[in-house]
Amino acid sequence: MYARIAGTGSYLPERILGNRELETMVDTTDEWIRERTGIERRHIAAETQTTADLAEQAARRAMEAAGVTAADIDFIVVGTTTPDVVFPNVGCLLQERLGIRGCPAFSVEAACSGFMYALSIAERFIATGRVACALVIGAETLSRIVDWSDRSTCVLFGDGAGAVVLKPSSEPGIIACQLGADGHYQDLLYHPYGPSRCPGPVFGDQEGHFIHMKGNEVFKVAVKTLEGIAEKMLVDNGVDAAELDWLIPHQANLRIIQATAKRLRMPMERVVLTLQDHGNTSAASIPMALDAAVRDGRVQRGELLLLEGFGGGFTWGACLLRF
Ligand code: UT7
């Protein structure tokens, strides 16, 4: 039994923050941001919008594309690092909004690899026959944990959500998922506070309550890791890179993506890029890129896709699948 993507969906908040506007906020230029990252604009959630709001829109679109209703869903998993509240988890918030009762609903915290972790978990439940219809989501409101006065990070991130519906199939389907992590790199990319490490009386009021990143050092590990996991996935499954129809990578930096494509000898025409319009949306970036390419007709049924992500932790994951 395979788990197969029956439908995809995504949602971007209305407000667009372009590089030119960022020039008025911090000491940066449109040229620097485009050259160093490939990003031109990103979407920012409205003050009243939360991660669950974005996730709900993406989920409803994926369910519509898959032709399923809330009554069909029997598993909900959300990859996110920016949950609405510590608990109930975003999966439970979403379950209530969709009017579903009883099925497992939870979130997975693996930073930018959150969707890869969530997909891998849901795939196992489907492939072992325990679940018949899973909703798998990556959703973030990173703008809430970005220091808007720090030019080294605020130009990078955006908000959004992407979702897929997974169903069982005798045809592939997800062929393999591979996950990994290395906690020794904690000081290169982190958010310093949580409810259990909170020096002040009010969680969220501390100085430095933002994403901290040593970008250049993260960059080097990201390139090496992403190249390595892509190659391992292909070797382990006896697939040649030339057989891949699409590479759908985490959208953090164009130069990182180009390095992976070069290593696989894949032309950039077969790489789905959304970071110019979305920025880095962490766990939402891969499912949003997949949905964009499905909806504009690039990704077709039966095509062979390699999804891969890397993020804080460090965490990483890849998934080889027939769409
Ligand atoms: O999604 C999770 C994983 N995250 C990533 O994969 C991110 C990986 N890292 C990156 O994408 C890149 O390292 C960045 C885009 C964050 C930075 O690019 P870089 O080429 O590594 O730049 P850098 O950090 O080495 O900085 C180069 C220069 C510095 O100035 P000096 O010291 O050379 O004078 C920075 O102060 O660029 C300066 N700089 C900026 N200048 C204009 C840093 N940010 C900006 C900015 N505008 N926004």
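Yes or no, residue by residue, for (1) of a type outside the set (S, T, N, Q); (2) more than 16 Å from the ligand (Cβ to nearest atom); (3) farther than 26 Å from Leu17 by Cβ; (4) surrounded by fewer than 18 Cβ atoms within 10 Å (Cβ to Cβ):
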residue	(1), (2), (3), (4)
Gln95	no, yes, yes, no
Arg101	yes, yes, yes, yes
Pro104	yes, yes, yes, yes
Ser120	no, yes, yes, no
Ile126	yes, yes, yes, no
Gly138	yes, no, no, no
Leu142	yes, no, no, no
Val146	yes, no, no, no
Cys154	yes, no, no, no
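Please work out which one of (1) in contact with a Phe, Trp or Tyr (Cβ under 7 Å, 6 or more places away or on another chain); (2) farther than 18 Å from Gly180 by Cα is the condition Arg97 fails and give its number.
Of the numbered conditions (1) in contact with a Phe, Trp or Tyr (Cβ under 7 Å, 6 or more places away or on another chain); (2) farther than 18 Å from Gly180 by Cα, the odd one out for Arg97 is (1).
So if I check each of Leu305, Leu275, Leu290, which one is surrounded by fewer than 24 Cβ atoms within 10 Å (Cβ to Cβ) and of a type outside the set (Phe, Trp, Tyr)? Even if it seems obvious, please write down each step before you answer.
Working: Leu275 fails: surrounded by fewer than 24 Cβ atoms within 10 Å (Cβ to Cβ); Leu290 fails: surrounded by fewer than 24 Cβ atoms within 10 Å (Cβ to Cβ).
The match here is Leu305.
Kindly indicate whether any position in segment 206-226 is part of a strand (DSSP E or B), at pLDDT below 95 and away from the ligand (no atom under 16 Å from the Cβ).
Restricting attention to segment 206-226, the residues satisfying the condition of being part of a strand (DSSP E or B) are 212-213.
Now narrow it down to the ones that are at pLDDT below 95: none.
No; the residues of segment 206-226 include none that is part of a strand (DSSP E or B), at pLDDT below 95 and away from the ligand (no atom under 16 Å from the Cβ).
Give just the number: which of (1) out of contact with any His (no Cβ under 9 Å at 6 or more places or on another chain); (2) outside any strand (DSSP E or B) does Cys319 not satisfy?
(2)
Only residues that are open to solvent by less than 80 Å² (accessible area, probe 1.4 Å) and either away from the ligand (no atom under 16 Å from the Cβ) or in contact with a Ser or Thr (Cβ under 7 Å, 6 or more places away or on another chain) (or both): list them for segment 24-50, please.
Across segment 24-50, the qualifying residues are Val26, His43, Ile44, Ala45, Ala46, Gln49, Thr50.
Out of (1) open to solvent by less than 10 Å² (accessible area, probe 1.4 Å); (2) under 23 Å from Gly228 (Cβ atoms); (3) within 10 Å of the ligand (Cβ to nearest atom), what's the single condition that is false for Thr281?
(2)
Filter segment 227-253 for residues that are over 20 Å from Val299 (Cβ atoms) and near the ligand (Cβ under 9 Å from one of its atoms); which is surrounded by the most Cβ atoms within 10 Å (Cβ to Cβ)? First the steps, then the outcome.
Taking segment 227-253 as the starting set, the residues that turn out to be over 20 Å from Val299 (Cβ atoms) are 227-229, 231-232, 235-236, 238, 252-253.
Okay, now just the ones that are also near the ligand (Cβ under 9 Å from one of its atoms), so 252-253.
Details: Ala252: 28, Asn253: 21.
Here the answer is Ala252.
List the pairs whose first member sits in segment 182-195 and is outside any helix (DSSP H, G or I), whose second member is at pLDDT below 95 and open to solvent by less than 90 Å² (accessible area, probe 1.4 Å), and whose Cβ atoms are under 6 Å apart, counting only residues at least 6 apart or on separate chains?
Pro192/Gly208; Tyr193/Gln206; Tyr193/His209
Which one is nearest to Ser113 (Cα to Cα), of the residues in segment 51-80 that are open to solvent by 40 Å² or more (accessible area, probe 1.4 Å) and outside any helix (DSSP H, G or I)?
Asp74
Suppose the filter is among the basic types (Lys, Arg) and either away from the ligand (no atom under 16 Å from the Cβ) or touching a residue at least 40 places away in the same chain (Cβ under 8 Å) (or both); does Arg20 pass it?
Details: among the basic types (Lys, Arg): yes; either away from the ligand (no atom under 16 Å from the Cβ) or touching a residue at least 40 places away in the same chain (Cβ under 8 Å) (or both): no.
Answer is no for this residue.
For segment 265-286, give me each residue that is of a type in the set (A, V, I, L, M, F, W, C) and either in a helix (DSSP H, G or I) or modelled with pLDDT under 95 (or both).
Filtering segment 265-286 down to residues of a type in the set (A, V, I, L, M, F, W, C) leaves 266, 268, 271-273, 275, 283-284, 286.
Selection gives Met268, Leu275, Ala283, Ala284, Ile286.
Would you mention how many residues in segment 54-102 are in contact with a strand residue (DSSP E or B) (Cβ under 8 Å, 6 or more places away or on another chain) and among the small types (Gly, Ala, Ser)?
9
Considering only segment 9-23, state which residues are of a type outside the set (Gly, Ala, Ser), under 30 Å from Ala134 (Cα atoms) and surrounded by 16 or more Cβ atoms within 10 Å (Cβ to Cβ).
Scanning segment 9-23 gives Tyr11, Leu12, Pro13.
The values are calculated or read from the model by the stated rules, or taken from the named source; none is laboratory data. Please read these numbers as outputs of a predicted model, since none were measured by experiment. Positions of Cβ are generated from backbone atoms using ideal geometry, with glycine treated the same way; all protein chains shown enter the neighbour counts. These area figures cover heavy atoms from the full protein model, side chains too; ligands, DNA and RNA do not enter into them. Shrake-Rupley method; radii C 1.70, N 1.55, O 1.52, S 1.80 Å.
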